[in-house]
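The values are calculated or read from the model by the stated rules, or taken from the named source; none is laboratory data. Small disclaimer: the values here were computed from a predicted structure and weren't measured. Don't worry about glycine lacking a Cβ; one is built from the backbone with ideal geometry, like all the others, and counts go over all protein chains shown. Accessible surface areas use protein heavy atoms only, side chains included; no ligands, DNA or RNA. Shrake-Rupley method; radii C 1.70, N 1.55, O 1.52, S 1.80 Å.
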Amino acid sequence: MKKFLSLLLAGALALSLVACGGEKQQTNQGSTGKSPDNDLVVALQADATNLDPHVGGNGNTNQVVNEMYEALVAFDENTKIIPALAKSYTVSEDGMSYTFVLEEGVKFHDGEPFNAEAVKAVYERGKANPSLSLSRQIGTKEKPNWEDVIVDSEYQVTIKLVKPNNTFINKLTQVRMVSPKAMAREDAEDYLAKNSAGTGPYVLSERVDGAYTKMVRNENYWREGPKVDSLKFVVVPEDASRIAMLKTGEADFITPVPVTDVKQFDGSSDVKVVDSVATIFRYCTLNQDYTLADGRKPFADKRVRQAMNYAFDSEAFANVVFFGYGVEPTSVYSEALSYHHAMTPYKKDLEKAKSLMKEAGFESGFPVEIVVDNTTIEQRGAEFLKQQLSEINIDVKLMPNESTANAEITSAPREETKVQMWYVNWSSGSYDADGAMRSILHSEKFPPAGYNTSFWKNEEFDKLLDDALLMSDTTEIEKAYARAQEIAWEECPWIFLGSDCNVYAQKTYLDGVVKFPGGTVGFRTASLDHE
């Protein structure tokens with residue numbers, strides 16, 4: 001691994017950082033290939049765990065469920081909130097009430113009408129069943145997040161909150177609408193796990209757990225529907241097998257594509273690699289309580305933390321570790337998320353890094369351990385970081401473990417933790433700034449309450465995050481989150497590594513696919529140039 005990284009690092013300057021959000025084709029310009037049919041096949045790494053949209057699941061679950069179910073509002077490919085089943089909405093001055101004007105004439109897959117009563121029925125289901133992931137958004141009778149849902153008219157509904165929360169509209173994108181008739185069944189949980197009862201562009205046709213989920217076009221869809229006849233998600237865990245399926249035409253689209261395998265499509269006449277900016281942000285936490293044998297605490301000194309960032313080359317990191325599919329960090333979370341505030345990057349400057357280390361009394365460096373997942377890509381990234389820090393005399397030892405073991409290690413409370421540094425990544429599923437920062441930087445989120453394994457505390461930062469949740473003026477919210485990011489960026493509770501790209505591959509005859517920063521893909525507008 002070390003020899004491999006050294007060789008790659010030597011050539012890193014000859015590479016250029018790839019900005020996410022493009023298509024990369026080699027010799028396939030002008031390809032005349034066509035699909036043999038009008039059936040779209042997508043190969044996924046893992047299966048959906050449950051088709052009930054109110055039950056928690058992995059990213060692949062969301063990928064499959066999103067084609068059958070819709071929410072009142074949605075994110076577009078730039079993480080902007082756009083209307084979905086709600087044509088428009090207004091917010092009360094106190095931020096406590098949101099009123100939605102709904103689309104008319106929409107029907108669920110089972111023929112039931114979508115209206116304000118249907119929205120209230122979803123609320124009642126979440127409130128009554130704490131085991132549903134839906135309850136995390138709506139709350140339960142004992143601990144509500146929404147105070148009530150008021151049916152103003154057949155196609156207007158008002159949601160009242162328990163207290164103002166500027167992330168509410170983001171989280172509402174995860175509250176999918178389900179047919180009241182289906183939710184009222186005695187066997188609702190079993191039924192919804194295996195059937196579709198949404199308003200989405202596709203209707204479930206056939207499913208074999210662990211193998212595939214097939215859908216057909218919703219002929220009664222309320223807006224312009226799919227151009228393909230069917231959409232089939234096939235479960236293919238092995239990277240090589242997914243790639244082979246795309247090459248042979250067994251699949252039209254595959255996700256994910258490991259960055260190490262992108263080169264396999266070089267010279268392909270009918271495949272293009274497509275990428276987009278991901279919500280995933282990579283960083284390495286620095287436990288400010290870490291104590292050396294002589295009693296000193298290196299990470300308690302901001303100068304040491306800043307020096308480590310000046311010693312790290314984020315562009316080379318993207319090129320060497322992620323083969324160019326990475327984004328240079330300019331804040332403490334991905335630019336794909338709301339209220340991202342770009343600042344001057346910590347460009348590699350060894351002279352400045354060494355000067356800060358000397359000024360802090362750590363010119364000779366110190367030993368330290370990094371907790372890291374034992375996957376190839378994570379260890380390669382940690383090895384790169386180790387090499388970079390060696391240039392300022394910091395002697396890093398990697399401590400690789402299974403991700404489940406690391407979850408336990410990093411959840412230990414402050415007085416018991418063994419974590420010195422943690423090489424990790426984070427993504428906010430609701431695309432909001434609070435979700436991107438609170439659980440990993442707020443002082444209330446020291447483990448086990450959260451993931452702030454730096455044990456960093458800044459009172460101004462905490463107050464900005466807390467106050468921002470209660471604000472309704474977007475200008476004031478933007479100012480608060482910008483200042484919070486500036487504080488964390490200057491204080492350096494982490495080494496800022498960079499953001500990922502989502503990488504996919506597809507046939508050139510496939511068009512109209514929408515890529516979202518969270519990693520999911522939309523196929524409502526997809527079309528196949530078929531024979």
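Computed values, structure above
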read-out	value
Rounded tilt (10° steps) of 116-128 against the dominant C-alpha axis of the chain	50
Computed lengthening from Lys34 to Glu486, 0.36 nm per intervening residue step minus Cα-Cα distance	157.7 nm
Qualifying lysines (Cα of each under 16 Å from Cα of Lys214; at least 8 residues distant if same chain)	Lys194, Lys227, Lys232
Residue order for Met343, Met437 - accessible surface, 1.4 angstrom probe, largest first	Met343, Met437
Over segment 223-357, relative contact order from alpha-carbon pairs under 8 Å, at least 6 apart, %	20
Positive-end extreme of charge dipole, the chain - chosen from Pro130, Val64, Ala449 (charges on Cβ)	Ala449
Added length on full extension, which subtracts the Cα-Cα distance from 0.36 nm per residue, Ser131 to Asp148	4.2 nm
Protein accessible area in segment 420-531, 1.4 Å probe - carbon and sulfur %	45
Within the accessible area of segment 264-311 (1.4 Å probe), percent carbon and sulfur	44
Simple label model, 7 Å out from Cα along Cβ direction - Lys80 to Lys297, nm	4.6
For the chain, cysteines whose Cβ has no other cysteine Cβ within reach (under 4.7 Å)	Cys284, Cys492
Average projected area [Cα convex hull, segment 40-79], square nanometres	3.7
Vicinal HN-Hα couplings computed from phi for segment 367-378 (Karplus, 6.51 cos²θ - 1.76 cosθ + 1.60; Hz; Gly/Pro x)	x, 7, 10, 10, 7, 8, 5, 8, 6, 4, 5, 5
Loop-resident sites, segment 382-438, for GluC sites (Glu not before Pro), counting at most 16 other Cβ within 10 Å (DSSP)	Glu391, Glu402, Glu415, Glu416
Within-11-Å neighbourhood charge of Glu154 [Cβ basis; K, R +1; D, E -1]	-3
Within the accessible area of segment 68-170 (1.4 Å probe), percent carbon and sulfur	47
Length added when fully stretched, Glu351-Val91, from 0.36 nm per residue minus Cα-Cα	88.4 nm
Gyration tensor (alpha-carbon) shape descriptor, segment 76-175, a/c threshold 1.5	rounded
Neighbour net charge for Ser443 - beta-carbon separation under 9 angstrom, K R +1, D E -1	-1
Accessible solvent surface per residue of the chain, calculated while the other protein chains remain in place, 1.4 angstrom probe, Å²	42
Segment 324-391: relative contact order as a whole-number percent, Cα under 8 Å and 6+ apart	17
Simple spin-label estimate for Glu460 and Ser439 in nanometres, 7 Å along Cα-Cβ	2.8
For the chain, calculated [θ]222 nm from helices alone, where every DSSP H run of n ≥ 4 adds -39500 (n - 2.57)	-8000 deg cm²/dmol
Violating pairs (Cα-Cα greater than 22 angstrom) within the set Lys348/Lys457; Lys302/Lys358; Lys120/Lys141; Lys348/Lys386; Lys160/Lys463	Lys348/Lys457; Lys160/Lys463
Identified option (computed log10 I(q)/I(0) by the Debye sum over Cα atoms at q = 0.07 Å⁻¹; candidates (i) -0.43; (ii) -0.68; (iii) -0.38)	(i)
Percent of beta bridges antiparallel (DSSP, the chain, rounded to nearest 5)	75
Other-chain or far-sequence residues with amide H under 5 Å of Leu497's (modelled H)	Arg282, Tyr283, Cys284
Per DSSP, loop trypsin sites (Lys or Arg not before Pro) in segment 115-183 with at most 14 further Cβ within 10 Å	Lys141
Contact order relative to length of the chain, as percent, for alpha carbon pairs under 8 angstrom and 6 or more apart	22
Projected label distance in nm at Asn393 and Glu369, using a 7 Å step from Cα toward the beta-carbon	2.4
Charge dipole (debye, nearest 20) of segment 100-212; +1 at Cβ of Lys and Arg, -1 at Cβ of Asp and Glu	480
